[in-house]
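Visitor: Pasting a structure here, questions to come.
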Amino acid sequence: MAKLVISDFSRMAKSLCFRIYMGFAAIYGVITVFSEYISLCNAQNMGFDVNFATDRLAFNGVLAIMFAAAVFAGMFVGREYSDGTIRNKLVVGHGRFGIYLSNFTVCAAVNVLALLINLIAVFSIGIPLMGIDMSAGEAAVNIVISVIAIVSITALFIFIAMLVKSKASALVILLLFTFFMFGATSFVDSRLEEPEYYGGMELVATEDNGFEYRMAEQEKNPYYLEGDARKAFEFLNDFLPSSQLYRIASLNAPELAKTAIYDIIVLIAVTEAGILLFRKKDIR
């Protein structure tokens with residue numbers, strides 16, 4: 001299998017898709033920093049008291065990398081099917097187990113590299129321009145969780161890509177699946193953020209024909225999750241790799257140990273299922 005992985009890495013390194021992917025990761029980080037810096041400068045010029053810090057945007061790129069990873073998996077594996085590479089590997093004696101794991105290894109490594117390139121671009125430009133309030137320990141934990149989550153998500157993408165022989169179909173399915181994950185993540189987060197009670201200030205008339213603001217009566221929010229429903233949503237918020245990346249982008253990183261356990265479960269379960277189905281797949 002080692003020779004198979006080395007061969008796939010060699011082929012990947014020469015791929016235009018790989019170079020575009022790495023360029024996108026770096027450019028996205030640079031654009032993110034300068035856009036934020038310009039916005040903060042404009043706000044300061046208008047008299048607003050703004051905080052110049054890289055923290056707020058440091059991990060914004062993790063979600064963009066998630067979508068780019070879906071495209072790369074579809075292109076890389078789809079190319080293997082369209083060029084007959086997988087069939088040739090089988091002919092020369094490589095096993096399906098090794099082929100599946102080799103593709104996963106290469107795609108996971110590329111996605112982690114893209115993530116790190118994006119973070120390096122953000123930190124190397126953002127810190128000199130705006131500084132940073134985040135401690136080195138907090139940054140390290142967020143980076144580790146991001147890497148673990150993107151590897152777990154790669155397992156999901158490879159599962160789909162290896163079972164769909166058409167490159168175009170795989171790309172469509174992968175992008176739809178990624179949008180579904182992002183939508184589910186946003187929905188889970190929005191439900192958990194619902195306040196338990198509605199209330200606030202209201203404008204009321206006074207006895208001297210004037211007006212004043214008073215506290216409004218608190219009303220129970222019917223959309224607030226309680227009991228088992230809340231526990232289920234909290235579990236999904238911790239368990240889903242896309243939710244982990246979403247929380248990191250929002251500077252609300254989950255616990256490292258819990259995240260690692262959940263992602264390892266997803267990685268092992270999805271990879272075993274993928275290998276089992278790939279072994280039964282008819283490849284002509």
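Visitor: Within the range 158-177, can you find the residues that are within 19 Å of residue 266 (Cα to Cα) and of a type outside the set (A, V, I, L, M)?
Guide: Scanning the range 158-177 gives 159, 177.
Visitor: Another one. Output the residues belonging to the range 240-257 that are crowded, with 18+ Cβ neighbours inside 10 Å and part of a helix (DSSP H, G or I).
Guide: 241, 242, 243, 244, 245, 246, 247, 248, 249
Visitor: Does residue 186 satisfy the criteria of being in a helix (DSSP H, G or I) and open to solvent by 20 Å² or more (accessible area, probe 1.4 Å)?
Guide: Working: in a helix (DSSP H, G or I): yes; open to solvent by 20 Å² or more (accessible area, probe 1.4 Å): yes.
When the stated conditions are applied, residue 186 passes them.
Visitor: Let me ask something else. Just one of 115, 101 is at pLDDT 90 or above, part of a helix (DSSP H, G or I) and either open to solvent by 10 Å² or more (accessible area, probe 1.4 Å) or among the basic types (Lys, Arg) (or both); which is it?
Guide: On the way: 115 fails: either open to solvent by 10 Å² or more (accessible area, probe 1.4 Å) or among the basic types (Lys, Arg) (or both).
The unique qualifying residue is 101.
Visitor: Got a number for residues in the range 118-131 being surrounded by fewer than 17 Cβ atoms within 10 Å (Cβ to Cβ) and either touching a Gly at 6+ places or on another chain (Cβ under 9 Å) or part of a helix (DSSP H, G or I) (or both)?
Guide: Of the range 118-131, the ones surrounded by fewer than 17 Cβ atoms within 10 Å (Cβ to Cβ) are 120, 124, 127-129, 131.
Next, from what is left, pick out any that are either touching a Gly at 6+ places or on another chain (Cβ under 9 Å) or part of a helix (DSSP H, G or I) (or both): 120, 124, 127-129.
Result for the range 118-131: 5.
Visitor: Also, I was wondering about something else. Among (1) at pLDDT below 95; (2) surrounded by 15 or more Cβ atoms within 10 Å (Cβ to Cβ); (3) hydrophobic (A, V, I, L, M, F, W, C); (4) in a helix (DSSP H, G or I), there is one condition residue 134 misses while meeting the rest; what is its number?
Guide: The single condition residue 134 does not satisfy is (4).
Visitor: Being assigned to a helix (DSSP H, G or I), out of contact with any Leu (no Cβ under 7 Å at 6 or more places or on another chain) and among the β-branched types (Val, Ile, Thr) is the filter here; which residues of the range 54-98 pass it?
Guide: 77, 85, 86, 91
Visitor: To continue, here is another question. From the list 25, 2, exactly one residue is touching a residue at least 12 places away in the same chain (Cβ under 8 Å), among the small types (Gly, Ala, Ser) and at negative phi. Which is it?
Guide: Working: 2 fails: touching a residue at least 12 places away in the same chain (Cβ under 8 Å).
That would be 25, the only listed residue that is touching a residue at least 12 places away in the same chain (Cβ under 8 Å), among the small types (Gly, Ala, Ser) and at negative phi.
Visitor: Please go through (1) at pLDDT below 85; (2) open to solvent by less than 50 Å² (accessible area, probe 1.4 Å); (3) among the charged types (D, E, K, R) for residue 89 and return the number of the only condition it doesn't satisfy.
Guide: All conditions pass for residue 89, except number (1).
Visitor: Looking at the range 219-231 only, could you name the residues that are surrounded by 13 or more Cβ atoms within 10 Å (Cβ to Cβ) and assigned to a helix (DSSP H, G or I)? Lay out the reasoning, then the answer.
Guide: Filtering the range 219-231 down to residues surrounded by 13 or more Cβ atoms within 10 Å (Cβ to Cβ) leaves 221, 224-225, 230.
Answer for the range 219-231, where residues must be surrounded by 13 or more Cβ atoms within 10 Å (Cβ to Cβ) and assigned to a helix (DSSP H, G or I): just 230.
Visitor: Do we find that residue 39 is among the hydroxyl-bearing types (Ser, Thr, Tyr) and farther than 30 Å from residue 180 by Cβ in this structure?
Guide: Numbers: among the hydroxyl-bearing types (Ser, Thr, Tyr): yes; farther than 30 Å from residue 180 by Cβ: yes.
For residue 39, the condition - among the hydroxyl-bearing types (Ser, Thr, Tyr) and farther than 30 Å from residue 180 by Cβ - is met.
Visitor: If you don't mind, there's one more thing I want to ask. Has the range 42-58 got any residue that is of a type in the set (Ser, Thr, Tyr) and without any contact (Cβ under 8 Å) to a residue 12 or more places away in the chain? Can you show your working first?
Guide: In the first step, residues of the range 42-58 are kept if they are of a type in the set (Ser, Thr, Tyr); the result is 54.
Next, from what is left, pick out any that are without any contact (Cβ under 8 Å) to a residue 12 or more places away in the chain: none.
Scanning the range 42-58, I find no residue that is of a type in the set (Ser, Thr, Tyr) and without any contact (Cβ under 8 Å) to a residue 12 or more places away in the chain, so the answer is no.
Visitor: If you don't mind, another one. Name the residue, out of 19, 56, that is open to solvent by 80 Å² or more (accessible area, probe 1.4 Å) and under 24 Å from residue 171 (Cβ atoms). Break it down into steps so the answer makes sense when it comes.
Guide: On the way: 56 fails: under 24 Å from residue 171 (Cβ atoms).
Criteria check complete, one pass: 19.
Visitor: Any idea which of 234, 272 is open to solvent by 40 Å² or more (accessible area, probe 1.4 Å), among the acidic types (Asp, Glu), at pLDDT 90 or above and under 19 Å from residue 98 (Cβ atoms)?
Guide: Details: 234 fails: under 19 Å from residue 98 (Cβ atoms).
Only one candidate qualifies: 272.
Visitor: For the range 6-21, how many residues are under 16 Å from residue 70 (Cβ atoms) and of a type in the set (A, V, I, L, M)? Outline the logic, then answer.
Guide: Here is the first cut: in the range 6-21, the residues under 16 Å from residue 70 (Cβ atoms) are 17-18, 20-21.
Next, from what is left, pick out any that are of a type in the set (A, V, I, L, M): 20.
Qualifying residue count for the region: 1.
The values are calculated or read from the model by the stated rules, or taken from the named source; none is laboratory data. The structure presented is a predicted model; accordingly, all values stated were derived computationally and were not measured. Neighbour counts are summed over all protein chains in view; Cβ atoms, including those assigned to glycine, are modelled from backbone coordinates with ideal geometry. Ligands, DNA and RNA are stripped out before the accessible areas are found, and what is left, the full protein with its side chains, is counted by its heavy atoms. Shrake-Rupley method; radii C 1.70, N 1.55, O 1.52, S 1.80 Å.
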